[in-house]
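Every number here is computed from the coordinates shown, using simple stated rules; none is lab data. No experiment lies behind these values; they were computed from the predicted model shown. Note that we place each Cβ from the backbone using ideal geometry, even for glycine, and neighbour counts take in every protein chain shown.
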Amino acid sequence: MKEPIGRFIARWYSIPLLLVVWQVAVSSGLVQSRLLPGPAAVVEVLFSQIMSGVLVYHAAVTLGRALSGFALAATVGIPFAAAMARAPLCRNLFEPIFFFGYPVPKIALFPIFTYIFGLGTQSKIAFTFLECLYPIVVSSYFGFRGIRTRLVWTARNFGAGPWTVFWRVVLPSALPAIFSGLRIALPVAIIVVVLTEMIGDSIGLGYYITVWSTRFTFQNVYAAIIVVGVCGFSLDQILVQIRRRFVHEAPDAAR
Amino acid sequence: MPLLDIRSLDKSFTADNKEITVLDRLSLSIEDRDFVSIVGPTGCGKSTFLHIVGGFESKTGGEVRLNDRPLDAPGPDRGMMFQDHSLFPWLTALENVCWPLEMKGLPRAKRLEMAREYLDLVHLGRYADLYPEQLSGGMKQRAALARLLALDPQMFLMDEPFGALDSQTRELLQEELHAIWRHRRKTVLFVTHDIDEAVYLGTRLLVFTARPGRIKADIRIEADERTANFRTSPEFFKTRTRVWDLLREEVLKARALEEN
């Protein structure tokens, strides 16, 4: 996809602007360079830590965990939402329990999960799964509920059975809402993994941030934060591209 | 033997702990190739009646037989068309028309060819690749009509299909529907609020009472071809006045029902 140069600038100029403001704030002594090193120092550390493979390793650990938990939540959550929305028996059984758990911070279960799954990857994935499950299920659930009866009737009129109706009417109708849920859940996955790694682990970007914070070497902390941000942003863009592939949008509809 | 035979059809449902009777012992026979217009006050159960014949809603009691077989599920022998087009928004006009052909098991090339013919028939050939939201109200209904033709049911069930259109588009579509009905020899159940439309299109006109819905009058309209002249003929005005007199009473009753 080619963008005219003018639009490219209009879309991205805020990033160099931020770097300039950052550099000015540090050079003028407005902020302590000990707490916030200048962009040059951070970028230098960022590069050397990437080239040495240290940040790449920790990022791979964190991303692997986040994506595993996210994928698990999507795999379980979307069919679960469909079942709750379309089958009254399932709705009556699970809806109260499910929404009861919604406001509970899953991190409260940290000691228990650690006991069951240990401090490693398993407990991180379990947490991510739980935290991602909610936005995915809630959004998909409303997507599956808000289906126009007349479209279902029309398909049945053509002689479509329940499975054809599901795959060709119910699912396409619910897809925009499902993708909204996925887009909310994806950054949540990264946040949860980094956070739990900060609490207790010996690998991952969260661990990396904690270690360098305790050493007051903040350029490494910022380098890791930038990596988290770039990873999250890239994954979101990938999700947007996948959405574009599967969800019909009117060519002239506002994006 | 009539095509559609309905014997003391009842339909009621419960809302706010009150039993509401929508249709009350409705009996009716419809012959093949009839164009039956149905008018009645708002809430008289004429849409529900159509949905039951379509097999989308269940009946509370009575019997509905089509071609002498009891009817209780939707099927491609009856084709429904709604006021709100009900095109699949994620499919183009062409893909929408293709779907019923696919369900019939036609090969892809044949489907596309036939779908294009149906779209041409309703003057939408040029817009085949547009999505429903890119089409105007009249074009959407034309696409829905093309899809109905592709399904090719014995019976058209039409629930105010032109109700949301402006009057010029509406008259044009009425003429097109009339031509289709004449040439393809279909049976049509056509629910409408518009008396002119009901008289212009129908060979038979049913006036429903206010809720609970019963048949108040069953009028034959003898005019073979419905040219533009028919709209200004004395026959047209006579029927129109008669229907309105019958309907007026029921509309007032329905209003009283609403106010209580």
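What the table below lists for this structure:
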read-out	value
Test result for B:Arg116, out of contact with any Leu (no Cβ under 9 Å at 6 or more places or on another chain) and more than 14 Å from chain A (Cβ to nearest Cβ)	no
Tally of residues being of a type in the set (Ser, Thr, Tyr), in contact (Cβ under 8 Å) with a residue 60 or more places away in the chain and farther than 30 Å from A:Leu17 by Cα across the range A:58-87	1
Residue within the range A:133-153 that is part of a helix (DSSP H, G or I), free of Cβ contacts under 8 Å to residues at least 60 places away in the same chain and in contact with a strand residue (DSSP E or B) (Cβ under 9 Å, 6 or more places away or on another chain) present	yes
Enumeration of residues in the range B:139-160 that are more than 10 Å from chain A (Cβ to nearest Cβ), under 30 Å from B:Ile30 (Cβ atoms) and either surrounded by 19 or more Cβ atoms within 10 Å (Cβ to Cβ) or over 16 Å from the mean Cα position of the chain (by Cα) (or both)	B:Lys140, B:Gln141, B:Arg142, B:Ala143, B:Leu145, B:Ala146, B:Leu149, B:Met155, B:Phe156, B:Met158, B:Glu160
Residues of the range A:147-168 that turn out to be more than 7 Å from every other protein chain (Cβ to nearest Cβ) and either closer than 18 Å to B:His51 by Cα or not polar (S, T, N, Q) (or both), as a count	12
Residue among A:Thr121, A:Thr164 that alone is of a type in the set (Ser, Thr, Tyr), free of Cβ contacts under 8 Å to residues at least 12 places away in the same chain and either more than 28 Å from A:Ser68 (Cβ to Cβ) or in contact with a helix residue (DSSP H, G or I) (Cβ under 8 Å, 6 or more places away or on another chain) (or both)	A:Thr164
Any hit, the range B:42-58, residues being away from chain A (no Cβ under 14 Å), within 21 Å of B:Ala254 (Cβ to Cβ) and not in a loop (DSSP other than H, G, I, E, B)	yes
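To keep it simple, each residue is scored yes or no on (1) more than 14 Å from chain B (Cβ to nearest Cβ); (2) acidic (Asp, Glu); (3) under 17 Å from the mean Cα position of the chain (by Cα).
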position: A:Ser173; (1), (2), (3): no, no, no
position: A:Ile184; (1), (2), (3): yes, no, yes
position: A:Ile191; (1), (2), (3): yes, no, yes
position: A:Glu197; (1), (2), (3): yes, yes, yes
position: A:Gly200; (1), (2), (3): yes, no, no
position: A:Thr210; (1), (2), (3): yes, no, no
position: A:Ser213; (1), (2), (3): yes, no, no
position: A:Val227; (1), (2), (3): yes, no, yes
